[in-house]
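Following: one structure in structure tokens, then a few remarks.
The values are calculated or read from the model by the stated rules, or taken from the named source; none is laboratory data. For clarity, every value in this text was computed on a predicted model and none was experimentally measured. So basically every Cβ, Gly included, is an ideal-geometry build from the backbone, and we count neighbours across all protein chains shown. Just the protein is used for accessible areas: all its heavy atoms, side chains included, with ligands, DNA and RNA removed. Shrake-Rupley method; radii C 1.70, N 1.55, O 1.52, S 1.80 Å.
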Amino acid sequence: MPGIPVGMEMEEETVHVFEAGQTVVRRDVHRSGRVWTELALRVVADTDQALVTACTPGAEARWPALYAKARTDEDRSVRTEAFEAMASGRWELAATVWQETDLLLWKPPAAWFSVNAFFVPDGEGRRLRNWYVNFEHPTRRRRAGFDTFDLTVDLVVTPDLTRWEWKDEDEYAHVRRLGIVSDTEHRAVDDARAQVLAMLDDRTGVFAHAQRWAAWKWEPAWPTPRLPRPTAAAGRVAPEGD
């Protein structure tokens, strides 16, 4: 896979296949080997087309402390400090929980993006609020889940797929200036942008089954996803056997 930073090469050829209902952890892993975020998810389906996972409010997560502060203070400018901490390679993780929405996450195996669907309460039921395309590294599977790395820029799409807008272009420009996103990664993002827009135009990929996914519901029998207990090395990539 082109553009994978040093320290994230595949250690082995083993492909871990997950079962529906299994808890997995999605991690953003910086090129330094440090974990940037962790989110506990449940597996919905695992096929050669995509790994589909989900979570609901209360799912355990760990984010950079500055991200948590930005949310608590409702001050988006604090996120700029978080990116500067990332560039320096020094940050602390804070325990938190997923809030407000049910999340359905569709991740093709070699794609530089994931497609996310956010659901919110609506009267006695719920509704699809929007689709959200996150541009990120291709998946690297582990026994406990999978690793990627968020490349900041996003695409927000209306539930009916008729309108869309780019999000966080300013932050993307900032992380480019900081050197967090390399030229190689930037080219991969540009290619992925074109791929996603073509998927929207042609109603292919996950969008070929948009109505079915829009009707998805969290399985009531599934407990809220929880993270493994942190260790002293939680800020770095754990050995494959952990």
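General observations
- Matching residues in the range 31-61 - criterion: being open to solvent by 20 Å² or more (accessible area, probe 1.4 Å), out of contact with any Asp or Glu (no Cβ under 9 Å at 6 or more places or on another chain) and on the phi < 0 side of the Ramachandran plot: 31, 32, 34, 45, 47, 48, 49
- The condition of being among the β-branched types (Val, Ile, Thr), free of Cβ contacts under 8 Å to residues at least 60 places away in the same chain and farther than 26 Å from residue 82 by Cα holds for residue 52.
- Residue selected from the range 211-222 under the condition free of Cβ contacts under 8 Å to residues at least 24 places away in the same chain and in a helix (DSSP H, G or I), by the criterion least open to solvent (accessible area, probe 1.4 Å): 212
- The listed residue being in contact with an Asp or Glu (Cβ under 8 Å, 6 or more places away or on another chain) and not hydroxyl-bearing (Ser, Thr, Tyr), out of 115, 120: 120
- Test result for residue 87, on the phi < 0 side of the Ramachandran plot and either in a loop (DSSP other than H, G, I, E, B) or modelled with pLDDT under 95 (or both): yes
- Scanning the range 67-78 for residues that are assigned to a helix (DSSP H, G or I) and either buried (at least 20 other Cβ atoms within 10 Å of the Cβ) or over 17 Å from the mean Cα position of the chain (by Cα) (or both) gives 67, 69, 70, 71, 72, 73, 78.
- Exactly one residue out of 214, 192, 233 is among the hydrophobic types (A, V, I, L, M, F, W, C) and either modelled with pLDDT of 95 or more or closer than 22 Å to residue 22 by Cβ (or both): that is 192.
- Flag if residue 168 is farther than 14 Å from residue 112 by Cβ, under 20 Å from the mean Cα position of the chain (by Cα) and of a type outside the set (Ser, Thr, Tyr): yes
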